[in-house]
1. So I have (1) 22.7; (2) 21.9; (3) 21.1, and one of them is Kirkwood radius over Cα pairs in Å calculated from this model. Which one is it?
2. Just the C-alpha atoms of the stretch 70-109: what Rg/Rh do they give, with Rh taken as the Kirkwood radius?
3. Taking all protein chains in place and a 1.4 Å probe, what share, in percent, of the accessible surface of the stretch 129-172 do carbon and sulfur account for?
4. Going by average Cβ density within 10 Å per residue, which order do the peptides 21-27, 321-327 take, highest to lowest?
5. Treating only the Cβ of Lys, Arg, Asp and Glu as charged (+1, +1, -1, -1), what charge dipole size does the chain show about its Cα centre? Round to the nearest 20 debye.
6. Considering all projection directions equally, how large on average is the shadow of the alpha-carbon convex hull of the stretch 54-190, in square nanometres?
7. Per residue of the chain, what 222 nm ellipticity follows from adding -39500 (n - 2.57) for every DSSP H run with n ≥ 4, rounded to the nearest 500?
8. Rg(Cα) of the stretch 174-226 divided by 2.2 N^0.38 Å?
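The values are calculated or read from the model by the stated rules, or taken from the named source; none is laboratory data. Values in this document were obtained by computation on a predicted structure and should not be read as measured data. Please note: Cβ atoms are built from the backbone with ideal geometry, for glycine as well, and neighbour counts cover all protein chains shown. Heads up: the accessible areas ignore ligands, DNA and RNA and are worked out on the full protein's heavy atoms, side chains in. Shrake-Rupley method; radii C 1.70, N 1.55, O 1.52, S 1.80 Å.
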Amino acid sequence: MTDRMTPFANLPVACLRNPQARRDLAYDDQPQQWLSLSGTAAAWAELHQWSNYQPTPLRSLPEIATDLDLDQIWYKDESDRFGLGSFKALGGAYAVFRQLVDYVQTATGQTDLTAADLLSGRYRELTQAVTVTTATDGNHGRSVAWGAQQFGCRCVIYLHAGVSAGREAAIAAYGAEMVRVAGNYDDSVRQAAEDAQAHGWILVSDTAHPGNTTIPSVVMQGYTVMVAEVFDQLPPDQLPTHVFVQAGVGGLAAAVCAYLWERWGRDRPTTIVVEPDRAACVYATAQQGKLVTLEGDQDTLMACLSSGHTSTIAWDILRHSSDWFITIPDEAAVLTMQHLAHPRSPIVGGESGVASLAGLLTVGQRSDLRQQLGLTTTSRVLTFGTEGATDPEIYQKLINRSALHI
């Protein structure tokens with residue numbers, strides 16, 4: 001361990017082996033109705049046609065790998081996805097597009113509509129009669145609002161009390177109407193769902209619950225495009241042995257695990273799901289072996305991972321496909337942001353965006369946890385940098401430097 005890694009050594013970390021993990025199970029019909037490799041291919045084919053689509057970089061972190069005595073570390077850098085600053089751009093906007101296509105096709109009898117058809121304005125009279133809505137900690141709402149602006153419908157976004165003014169302004173810039181809700185993220189989710197039901201709006205939620213699975217599964221299917229990009233970018237003889245991925249409601253983690261499970265089956269990498277210790281609903285669910293709702297305050301600096309309730313679809317996938325669940329303190333995220341911003345090879349990583357790498361840096365200091373997770377000198381680890389400086393003011397405060405100067 002180098003001196004640069006020393007600050008991580010004394011941070012508290014909880015680590016739980018998944019008692020329900022089953023490598024002998026095939027990727028069966030139930031997960032496939034929500035997420036599939038064929039669905040990934042369809043989402044990729046559509047998103048590739050969007051004018052500003054570019055695969056995001058897969059960055060190698062050789063110095064950190066040396067510090068941790070690992071063979072390789074990769075960081076999928078989503079800090080400039082569609083100019084929105086996070087992987088969420090792949091999910092919410094794609095789901096808005098899919099909902100509007102279904103609406104227009106039903107109204108007109110047209111088939112095989114594309115993004116170009118909607119962007120042309122030909123169906124604007126129809127789409128502007130549609131309202132989409134969602135609750136958000138920031139990034140998902142920004143994606144939904146951007147998709148609504150792109151494809152010509154009204155958008156209403158619900159924010160809980162803890163969402164920063166900077167993230168609110170970033171969403172409002174895409175023309176969305178903003179509604180503040182007292183309480184936490186789960187309170188805003190409930191209010192958005194109630195108002196959508198009352199007004200006949202389309203709820204573009206990234207959290208599934210009984211009776212609400214179709215649209216969240218489309219959101220998650222969009223996320224799998226990011227995973228497919230990774231394995232298109234990796235050398236074929238350099239596949240990861242371990243994958244660290246962050247969780248809020250669990251949608252991203254489940255999208256990653258579903259892709260790995262269906263593509264490689266029992267030979268998939270060891271998967272570790274990382275959460276903030278103040279909002280670890282997936283960890284608690286794994287501990288209890290059933291869906292758990294956290295009570296009280298889930299306030300964490302990793303704001304886009306703050307949730308007290310796990311998505312039902314996510315848990316149905318994660319309960320058999322994820323190998324480990326860990327929790328980390330907010331300090332781990334800040335240290336990781338600072339580490340990435342070092343002048344050697346600077347990378348802009350936001351508070352929630354660095355969580356998976358922060359999990360690796362934290363457990364990487366403990367010989368007992370390394371042994372349990374099978375981290376050795378030959379390990380190749382994939383992490384996901386899911387956001388950049390989505391709130392530049394918070395980023396500058398934590399790093400003491402503007403993201404523009406990194």
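1. Checked against the structure: label (3).
2. Values: Rg = 16.5 Å, Rh = 12.5 Å.
Using only Cα positions, Rg/Rh for the stretch 70-109 is 1.32.
3. Values: 470 of 960 Å².
In the stretch 129-172, the share of accessible area belonging to carbon and sulfur is 49 percent.
4. Working: 21-27: 13.7, 321-327: 24.1.
Highest to lowest by the protection proxy: 321-327, 21-27.
5. Computed charge dipole of the chain: roughly 220 debye.
6. Working: hull surface 43.6 nm².
The orientation-averaged projected area of the Cα hull of the stretch 54-190 comes to 10.9 nm².
7. Details: 18 runs with 174 residues, N = 406.
Per the formula, -12500 deg cm²/dmol.
8. Details: Rg = 12.4 Å, N = 53, 2.2 N^0.38 = 9.9 Å.
So the stretch 174-226 has a normalised radius of gyration of 1.25.
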